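Below: the structure, in structure tokens.
Computed from the coordinates by the stated procedures, all read-outs in this text should not be read as laboratory data. Everything numeric in this text was worked out from a predicted model, so none of it was measured. All Cβ positions, even for glycine, are placed from backbone atoms using ideal geometry, and neighbour counts span all protein chains on display.
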2 protein chains.
Amino acid sequence: MTENDPKLPPGLALAWGVTPGPRRGPKPAHTVDDVVRAGIEVADADGFGAVSMPRIARHLGLTPNALYRYVRSRDELLVLLADTAWGPPPDSVAKTGNWREAMTVWTHAFLDRLGVHPWLLDVPVRGAPSTPNLLGWAEVFLDGVADSGLSAADALGAAMLLDNYARGTAALDRDLRQQAPPLAQPEVLEFLLPRMAERGLPVMASVYGGGGYDDAELPDADVEFGLNRILDGIQALVDRT
Amino acid sequence: MTENDPKLPPGLALAWGVTPGPRRGPKPAHTVDDVVRAGIEVADADGFGAVSMPRIARHLGLTPNALYRYVRSRDELLVLLADTAWGPPPDSVAKTGNWREAMTVWTHAFLDRLGVHPWLLDVPVRGAPSTPNLLGWAEVFLDGVADSGLSAADALGAAMLLDNYARGTAALDRDLRQQAPPLAQPEVLEFLLPRMAERGLPVMASVYGGGGYDDAELPDADVEFGLNRILDGIQALVDRT
DNA sequence: GATTAATAGTGTATTGCACACACAGTTCAT
DNA sequence: ATGAACTGTGTGTGCAATACACTATTAATC
């Protein structure tokens, strides 16, 4: 059983490795870790949509309901999946010399993880981090930017800003990559351009019609553009302090 | 039937009001617009999770499958729902005097819409905007920031950045507001703090333990903080040009 | 005006999901 | 040795998207 403190939010206890002592009944054929591993394998293979209890159970050679012996609910499992898939924060952030480099490295590491497990974007976020690895990512961020002189509140604001930016960017990239985006087919522009002109959308029409606009991919340069804007903005704040 | 050009992405034709000419069979009891309106009502009332074909059909007094006479798939319907719920872009952006004010007004208007229809955050984004209202929002943005002297690419980058920021912020706000976030209960901190200390997370431990940190709400000040950082960053770019 | 082809909505079926509950077999504490 | 606690199975509920066959209706055509 997973009950330790029924008042704790789902997954918290398990994420911190709090497991009840020796049990009485038959030995479980697997561990919570096995279940989490299986879940990650399923998600990596077929995306978040495939992360269902029956699917994971099949992967382990179990019937669907057996999973509820390891985990109280699907929600609880998702918390564990997220923490495990994010993994520990990178050391590299601590080794940087200054806050700006730390933020850059942190954000790139964050994006890398999302490249490895794109489905992490689909795991609902409940609130502030409360599981070990997620807290670890926050910790190395705050640690790395200590030399900026930012207040704790401002540093946290910067972390939220970059977290948010990385997630959005990664989501966009993934969406463009997998499902053929609207503008990929020439028929679409053919359909769209005259109607846009008619409806008074000249600027966007020239952007789409100009040829230089590609919908099918998010270039690295665009990612860097946004990141540099944000860092410049933080820079202005740091300079002011 | 909705087929006009089967090669167009789902919903595109309908979103632009392209409907096939007069039909032969019985008169439809409703219009595509009715279906969309019903969908929005359902979503407003019970969230994106409630937007199912049976649910919308019931709202219209139809059997679930009847909807497929108006719309090719649920996906197509979602495209229409999103464009209609966003609605036309605000006039206010065009009336601003300079790019910075325009971006500020645009972002706040964007956030306002997400306040009205929070489920818009859950509608999957397929790629670059291709429906009339969404294109309109992009248009007024580019129009409003023309005086910045930014290149079209940079202005688009700024639009993406702010769009992304607003979405992330609104999502966070909504999540914190509805489902009780982890740190809301005192037992959680009681559980967490000793373990954080043990695991080498002193900075986050002092943030959570310091008392000033509230998980239950996203203050307006935090929203403005991020927005001002981004605008400062764009400012730096504008100044450089 | 009669015929015919296209169409709207219904009913039924398939498949898949989360989860509740009762049960059979297993293992440890007493 | 006995019984309580436990693991995994089977069965059932209620919901979803969507396919398919069918009936009733209507407009274009003869």
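Would you list A:S92, B:S130 from fewest to most Cβ contacts within 10 Å?
Listing A:S92, B:S130 from fewest to most nearby Cβ atoms yields A:S92, B:S130.
Taking Cα centre as origin and charging only the Cβ of basic (Lys, Arg, +1) and acidic (Asp, Glu, -1) residues, the dipole magnitude of region B:1-150 rounds to 680 debye.
So if each residue of separation counts as 0.36 nm, and I subtract the Cα-Cα distance between B:D33 and B:S151, what length gain in nm does that give?
On the way: separation 118, 0.36 × 118 = 42.48 nm, distance 3.82 nm.
Roughly 38.7 nm would be gained on extension.
Scanning chain B for GluC sites (Glu not before Pro) that sit in a DSSP loop and have at most 15 other Cβ atoms within 10 Å, the longest stretch containing none of them is B:4-216. Relative to the other identical copies, B:G49 shows label-point distances of 2.0 nm, where the label point lies 7 Å from Cα along the Cβ direction and values run shortest first. Among B:L111, B:L193, B:L142, which one shows the highest mean-square fluctuation when chain B is modelled as a Gaussian network with alpha-carbon springs under 10 Å? Maximum fluctuation in the GNM of chain B, among the listed residues, is at B:L193. Across chain B, the relative contact order, built from alpha-carbon pairs under 8 Å that are at least six residues apart, equals 17 percent. Springs between alpha-carbon atoms under 10 Å, Gaussian network over chain A: tell me which of A:R69, A:R174, A:R199 tops the mean-square fluctuations. Looking only at A:R69, A:R174, A:R199, the biggest GNM fluctuation is shown by A:R199. Restricting the calculation to alpha carbons of chain A gives Rg and Dmax of 22.4, 74 angstrom.
Built from the Cα atoms of region A:154-241, the convex hull projects on average onto 7.6 nm², one quarter of its surface area. On the principal axes of its alpha-carbon atoms, region B:12-85 has extents of 37, 25, 16 Å, going from largest to smallest. Working note: Karplus 6.51/-1.76/1.60 with θ = phi - 60° gives region B:136-143 the couplings x, 4, 5, 4, 5, 5, 4, 4 Hz, where Gly and Pro are set to x.
Across peptide A:128-135, how many C-beta atoms of other chains are within 10 Å of each residue C-beta, on average?
The mean count of partner-chain Cβ atoms within 10 Å per residue comes to 6.
Taking Cα centre as origin and charging only the Cβ of basic (Lys, Arg, +1) and acidic (Asp, Glu, -1) residues, the dipole magnitude of region B:12-85 rounds to 460 debye. In a reduced charge model with +1 at each Lys and Arg Cβ and -1 at each Asp and Glu Cβ, the protein assembly as shown shows a dipole moment near 1860 debye about its Cα centre. Listed by chain and number, the aspartates and glutamates whose alpha-carbon sits under 16 Å from that of B:K95, ignoring those within fewer than 8 places in the same chain, are B:E139, B:D143, B:D147. Here the translational diffusion coefficient of the protein assembly as shown follows from Stokes-Einstein with Rh set to the Kirkwood radius across Cα pairs; for 20 °C and 1.002 mPa s it amounts to 87 µm²/s.
Projected onto planes of every orientation and averaged, the convex hull of the alpha-carbon atoms in region B:32-132 covers 6.8 nm². Between copies, A:R69 shows label-point distances of 5.1 nm, shortest first, with the point placed 7 angstrom from Cα along Cα to C-beta.
Semi-axes of region A:128-191's equivalent ellipsoid from the Cα gyration tensor, sqrt of 5 times each eigenvalue, largest first, rounded to whole Å? Intermediate results must be reported in sequence, preceding the final value.
Values: eigenvalues 287, 38, 13 Å².
Largest first, region A:128-191 gives 38, 14, 8 Å.
Put a dot 7 Å past the Cα of B:N65, heading toward its Cβ, do the same for A:Y68, and the two dots end up 3.2 nm apart.
Within a straight-line Cα-Cα reach of under 19 Å, A:K27 can be paired with the following aspartates and glutamates, leaving aside sequence neighbours fewer than 8 residues apart in one chain: A:E3. Springs join every pair of Cα atoms under 10 Å in this Gaussian network model of chain A, and among A:A216, A:A85, A:A102 the largest mean-square fluctuation is at A:A216. The largest-to-smallest principal axis extents of the Cα set in region A:84-171 are 35, 24, 23 Å.
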